[in-house]
Amino acid sequence: MSDWREYGPPIRVEGGLQARSRRGRIAQTWWSQRFIEVLESFGMGGRLQRGKRYARAGQVLNLSVSTSLVIGLVQGSRETPYRVRIGMKAFSPAEWARIEEALAGQALFAAKLLAGEMPAGIEAEFERLGLRLFPDTMREMTMDCSCPDWEIPCKHLAAACYLLAESFDEDPFQILAWRGRGREELLDRLRSLRGTVAGAAPAEPQAPPLAESLDSFWTMPPVSTTPARESPRPDALLDQLGPLAVEGVDVVEHLREAYRAMASGPDQEA
């Protein structure tokens, strides 16, 4: 005989993971919203909504993201919390090598990722490589819960999905970790590849050791043979005017005298 509490209200818990959003949309950033949109496109919209109350009530006890797998515990109506698992197909090492080269080759993408942000055009870049940042079909994802509900996702899995979306708000690298590449490993690869792309900076010239330059240490440095640049004439600008006469008076020559006088400063008293 089934336990009557199996279909009753959930047991309230203290200290669970609680969605920050109290009403309306939970995901805030474009990449988190995109994740929820993808799940809803699989026909999960109605079922996801049932988990939103669980997410906001703090029924999810814990949630962790690792390569290809998200696991968590959700408190339902039974005393023992339910175990939830959400799997994602990871990219192969060869696919990640192509991804890293593509991202490192785009200065904006590399800069955004190194600053901890998800570039707006990153989805298109993945698609250019024939890959998808977010799952394209349900075949790329696996979900299961230890509860007796046969629907996938059940409200426990749905609650985990909402909190997962919020975790993507705080750390977009969790999406990439889910796809098989951790934050530090990816950033190290991007730094290395960016250094290769940009090329090493020319080395600064090194002074010879003191022991090898004692004979010349106290001598004057060589005098530069580069000729000094001639100071421009104060009236050089007037050369561009050409002849200019007013009532027979050469205005340009009068202006030259004025320019030269201003450049030489006030007359000194004898």
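Checking each residue in the stretch 10-44 for being loosely packed, with under 13 Cβ neighbours inside 10 Å and modelled with pLDDT under 80 picks out R20, R22, R23, G24, R25, G43.
Remark: R98 falls outside the filter, which requires a residue to be over 18 Å from the mean Cα position of the chain (by Cα) and within 20 Å of P10 (Cβ to Cβ). Would you check which residues across the stretch 117-176 are of a type in the set (S, T, N, Q) and touching a helix residue (DSSP H, G or I) at 6+ places or on another chain (Cβ under 7 Å) and list them? Selection gives S167, Q174.
Only a single item in (1) surrounded by 19 or more Cβ atoms within 10 Å (Cβ to Cβ); (2) at pLDDT below 90 is not met by A159, and it is number (2).
Residue-by-condition table, conditions (1) charged (D, E, K, R); (2) within 22 Å of L63 (Cα to Cα):
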| residue | (1), (2) |
| --- | --- |
| G76 | no, yes |
| T80 | no, yes |
| M88 | no, yes |
| A94 | no, no |
| R98 | yes, no |
| E101 | yes, no |
| G105 | no, no |
| L114 | no, no |
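For the condition surrounded by 13 or more Cβ atoms within 10 Å (Cβ to Cβ), in contact with a Phe, Trp or Tyr (Cβ under 6 Å, 6 or more places away or on another chain), among the basic types (K, R) and at pLDDT 80 or above, R179 qualifies. Cβ-Cβ contacts under 8 Å between residues 6 or more apart (or on different chains), taken from a first residue in the stretch 52-81 that is closer than 18 Å to P148 by Cα to a second residue that is of a type in the set (V, I, T) and assigned to a loop (DSSP other than H, G, I, E, B), are listed as Q59/V13; Q75/I11; Q75/V13; G76/I11; S77/I11; R78/I11; E79/I11.
Which members of the stretch 97-114 meet the condition of being part of a loop (DSSP other than H, G, I, E, B) and either touching a residue at least 24 places away in the same chain (Cβ under 8 Å) or closer than 16 Å to W30 by Cα (or both)?
Our first condition is that a residue be part of a loop (DSSP other than H, G, I, E, B); within the stretch 97-114, this holds for 105-106.
Selection gives G105 alone.
Restricting the first member to the stretch 1-23 and to residues that are under 24 Å from W150 (Cα atoms) and in a loop (DSSP other than H, G, I, E, B), and the second to residues that are modelled with pLDDT of 80 or more and small (G, A, S), the beta-carbon pairs closer than 8 Å and six or more apart or on different chains are G8/S77; P9/S77; P10/A57; P10/G76; P10/S77; I11/G76; I11/S77; R12/A57. Inside the stretch 92-121, residues that are exposed (fewer than 13 other Cβ atoms within 10 Å of the Cβ), farther than 17 Å from P172 by Cβ and not polar (S, T, N, Q) make up a count of 3.
Of the residues examined, E117 is not one that is part of a helix (DSSP H, G or I) and among the charged types (D, E, K, R). The single condition from (1) part of a loop (DSSP other than H, G, I, E, B); (2) modelled with pLDDT of 85 or more that A55 fails is (1).
The values are calculated or read from the model by the stated rules, or taken from the named source; none is laboratory data. Predicted model, so just to flag it, every value in this text is computed and none were measured. Backbone-built Cβ (ideal geometry, glycine too); neighbour counts: all protein chains shown.
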